[in-house]
Amino acid sequence: MKALIVCVSVSHGNTRRIAEAMGEVLEATVVEPEQVDVNQLGSYDVVGFGSGIFHQRFHPRLRAFVRNLPKERRGKAFVYVTSGFPPQIWPMTRLVTRAGFEVADTFAVRAFDTWAPLRLVGGINKGRPDATDVDAARAFAAGLRARVTAGA
Ligand SMILES: Cc1cc2nc3c(=O)[nH]c(=O)nc-3n(C[C@H](O)[C@H](O)[C@H](O)COP(=O)(O)O)c2cc1C
């Protein structure tokens, strides 16, 4: 399986932790958008796109990267996210679809959030993603891998 995981993780490394766990299962390299060789994107069996949520949106660097991809028919993709509160995933799913990918699945996990007002109470979801979250990310990746390999 040839897989790539694109990740923007700027706050606590929450999204990176989840991406690395998925990457082990998918045998994928985890890279920042700026490190992606766009010409190679079509050669992967599956490509993941993820970040934290900032002011209710995926990180601007990830959004800009996906939005600016040349539109062409591509392979399978997945979208993943870490956030303090339940996130809206569909805006990123839509961008990834518009770039020509087929979004096979999405994965979301609650994570440590110290956004300004929450800092007053020491943040929320302290310690997350924790071992259970990392296990869930691995299980997600294993299921995805099985489906992509089976061509489903
Ligand atoms: C400036 C800022 C704004 C944030 N806005 C939101 C938000 O609107 N909704 C939410 O659920 N989480 C929000 N968060 C929490 C992050 O999405 C969460 O901590 C995420 O796991 C960060 O991922 P990272 O450590 O990989 O960068 C915000 C965090 C920061 C620092």
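Among the residues of segment 1-33, those identified as more than 16 Å from the ligand (Cβ to nearest atom) and assigned to a strand (DSSP E or B) are ALA3, LEU4, ALA28, THR29. Considering the conditions (1) open to solvent by less than 70 Å² (accessible area, probe 1.4 Å); (2) touching a strand residue (DSSP E or B) at 6+ places or on another chain (Cβ under 7 Å), THR29 is excluded by exactly one of them, (1).
Restricted to helices (runs of 4 or more DSSP H) entirely inside segment 73-152, those with at least 1 residues that are more than 9 Å from the ligand (Cβ to nearest atom), of a type in the set (A, V, I, L, M) and open to solvent by 60 Å² or more (accessible area, probe 1.4 Å) are 131-149.
Answer with yes or no whether ARG63 is more than 8 Å from the ligand (Cβ to nearest atom) and in contact with a helix residue (DSSP H, G or I) (Cβ under 6 Å, 6 or more places away or on another chain).
Details: more than 8 Å from the ligand (Cβ to nearest atom): yes; in contact with a helix residue (DSSP H, G or I) (Cβ under 6 Å, 6 or more places away or on another chain): no.
Spelling it out, it is not the case that ARG63 is more than 8 Å from the ligand (Cβ to nearest atom) and in contact with a helix residue (DSSP H, G or I) (Cβ under 6 Å, 6 or more places away or on another chain).
Select from segment 10-26 the residues that are under 18 Å from ASP105 (Cβ atoms) and either free of Cβ contacts under 8 Å to residues at least 60 places away in the same chain or open to solvent by less than 10 Å² (accessible area, probe 1.4 Å) (or both) and list them in ascending order. Break it down into steps so the answer makes sense when it comes.
Initial filter on segment 10-26 (under 18 Å from ASP105 (Cβ atoms)): 15, 18-19, 21-26.
Hits for segment 10-26 are THR15, ILE18, ALA19, ALA21, MET22, GLY23, LEU26.
Against the list (1) buried (at least 16 other Cβ atoms within 10 Å of the Cβ); (2) farther than 20 Å from GLY75 by Cα, the condition PRO60 fails is (1).
The values are calculated or read from the model by the stated rules, or taken from the named source; none is laboratory data. Since the structure is predicted, the reported quantities are computational estimates derived from the model, not experimental observations. All Cβ positions, glycine included, derive from the backbone under ideal geometry; neighbour counts span all protein chains shown. Surface areas here come from the heavy atoms of the whole protein model, side chains and all, with no ligands, DNA or RNA. Shrake-Rupley method; radii C 1.70, N 1.55, O 1.52, S 1.80 Å.
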